[in-house]
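Working notes for the structure below.
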Amino acid sequence: MGVTPKKEAVVAEIKGWLADAKVVVVTSYKGLNVATDTEMRREMRAAGVTYKVVKNTMLRIAAKELNIEGLETHLEGTTAIAFSAEDAVTPAKVLCDFIKKNKLEDPGILTIKAGILDGKIIEPKDVKALAALPSREELIAKLLGSMNAPIANTVGTLSAIIRNAVGVIDALREKKAKEAA
C-alpha cells in the first residue's frame, strides 16, 4: 500500500519546517494538561517559536528524506517539535525554561527527546546547553553596549576639552579686560 496524497502533504510540510528551522527541539509530552499546554504555546508564540504535535512516522519519513540520520531512536511515544527559522537558541531556551519553571521534567510530563541542529541530531544535554546561551537579542544588546561605551567616553572627553577651552578663553578675556582698565 502506497503513501496517500494526504500523508505526502504532511511529510512535505514537516520537511519544510525541518529545512527552514535553525534548530528543532523534539519533545515528549505525555500527561500535559490543557491549561499548561495553552500557557506553553502562548509563551512559544510570543517568542516567535512554532510548536507542533507530529506523528512519529511522518517525522521519521521527513527526516529520512532530508538525510537527517539518528532521529529514529528518539521517536517513541508522543512527539512534538519546537522550532524557529529566526533563531537557534530561542526554541531551546523557551522550552527548557518552561519545563524548569513548571517542574515538568522529573514526572516525565514534558521532556526533551533530542534536537536537530544543522541537520545533525543533538542529545537533550546539548539542547539544554544551547538553551543556556544568550539569545540573539541579548548578544546584539551586549554588542551595542560595548560599541556605545567608547562613543560615550569620546563625547565625555570632547566635552571636557571644550569646557577647558572655554575656561581658558574666559580667563584670557578677563585678563585683557583688567589690562585695558
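Of all residues in segment 60-87, which are outside any loop (DSSP other than H, G, I, E, B) and under 22 Å from A47 (Cβ atoms)? Break it down stepwise before answering.
Restricting attention to segment 60-87, the residues satisfying the condition of being outside any loop (DSSP other than H, G, I, E, B) are 60-65, 72-74, 80-84.
Matches in segment 60-87: A80, I81, A82, F83, S84.
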| said: Return the pair list, or none, for Cβ contacts closer than 8 Å from residues in segment 6-20 that are farther than 17 Å from A85 by Cα to residues that are assigned to a helix (DSSP H, G or I), at least 6 apart or on different chains. | reply: K7/M58; V10/M58; V11/M58; V11/I61; V11/A62; V11/E65
| task | Could you run through segment 21-59 and say how many residues are touching a residue at least 60 places away in the same chain (Cβ under 8 Å) and in contact with a strand residue (DSSP E or B) (Cβ under 8 Å, 6 or more places away or on another chain)? | result | 10
| Here are D106, D126, D87, D118: which of them is modelled with pLDDT of 85 or more and acidic (D, E)? | D126
| task | List the number of the failed condition for V11; all other conditions in (1) assigned to a helix (DSSP H, G or I); (2) within 21 Å of V127 (Cα to Cα); (3) modelled with pLDDT under 90 hold. | result | (2)
| Counting only residues that are of a type in the set (A, V, I, L, M, F, W, C) and touching a Cys at 6+ places or on another chain (Cβ under 8 Å), which one in segment 100-131 is nearest to E43 (Cα to Cα)? | A131
| field | Qualifying residue in segment 46-60 (condition: in contact with a Ser or Thr (Cβ under 9 Å, 6 or more places away or on another chain), within 14 Å of N102 (Cβ to Cβ) and at pLDDT 90 or above) | value | no
| request: For residues that are without any contact (Cβ under 8 Å) to a residue 24 or more places away in the chain and part of a strand (DSSP E or B), tally how many sit in segment 116-138. | output: 1
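Can you spot a residue in segment 32-41 that is in a strand (DSSP E or B) and out of contact with any Pro (no Cβ under 7 Å at 6 or more places or on another chain)?
No, that holds for no residue.
The values are calculated or read from the model by the stated rules, or taken from the named source; none is laboratory data. Model, not experiment: these values are computed from the prediction. Cβ: placed from backbone, ideal geometry, glycine included. Neighbour counts: every protein chain shown.
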